[in-house]
1. Sort through I59, I44 and tell me the only one that's at pLDDT below 90 and among the hydrophobic types (A, V, I, L, M, F, W, C).
2. Is it fair to say I52 is under 24 Å from the mean Cα position of the chain (by Cα) and surrounded by 11 or more Cβ atoms within 10 Å (Cβ to Cβ)?
3. Only one of (1) surrounded by 11 or more Cβ atoms within 10 Å (Cβ to Cβ); (2) more than 22 Å from the chain's Cα centre (by Cα); (3) under 27 Å from L87 (Cα atoms) fails for D2. Which number is that?
4. Would you call V35 surrounded by 10 or more Cβ atoms within 10 Å (Cβ to Cβ), assigned to a helix (DSSP H, G or I) and at pLDDT 90 or above?
5. Evaluate the following for L72: is it under 13 Å from the mean Cα position of the chain (by Cα) and free of Cβ contacts under 8 Å to residues at least 40 places away in the same chain?
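The values are calculated or read from the model by the stated rules, or taken from the named source; none is laboratory data. Note that the coordinates shown come from a computational prediction; the quantities given were computed from them, not determined experimentally. A quick note on method: Cβ atoms are made from the backbone with ideal geometry, for glycine too, and the neighbour counts reach across all protein chains shown.
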Amino acid sequence: MDADIVISLVSDALQTAVVIAMPMLMFGLVVGLIVSIFQAVTQIQEQTLSFIPKILAIIISVTLLFPWMLQLIVSYTSSLLINLNSLIGKV
């Protein structure tokens, strides 16, 4: 296995990880921004007020998007396993 194949495999793995993580991070970002604006307007500076809604938003996003994320992981893994013989054969 030469360096180009390894770089391609790592690049695909990182791209898949970013695509899977992005919706959860966006949900947390939006909820965190809304809570921060609420805290600034009301001048409430409670740490749990910003932490708990973000955790709940991430849990809800994982619950809603789990089938899509699982399908993406399974398709990446199956393509990797299907091409494993050709990748090992290039040693």
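1. Criteria check complete, one pass: I44.
2. yes
3. Evaluating D2 over (1) surrounded by 11 or more Cβ atoms within 10 Å (Cβ to Cβ); (2) more than 22 Å from the chain's Cα centre (by Cα); (3) under 27 Å from L87 (Cα atoms) leaves (1) as the failure.
4. When the stated conditions are applied, V35 passes them.
5. Judged against the criteria, L72 is not a match.
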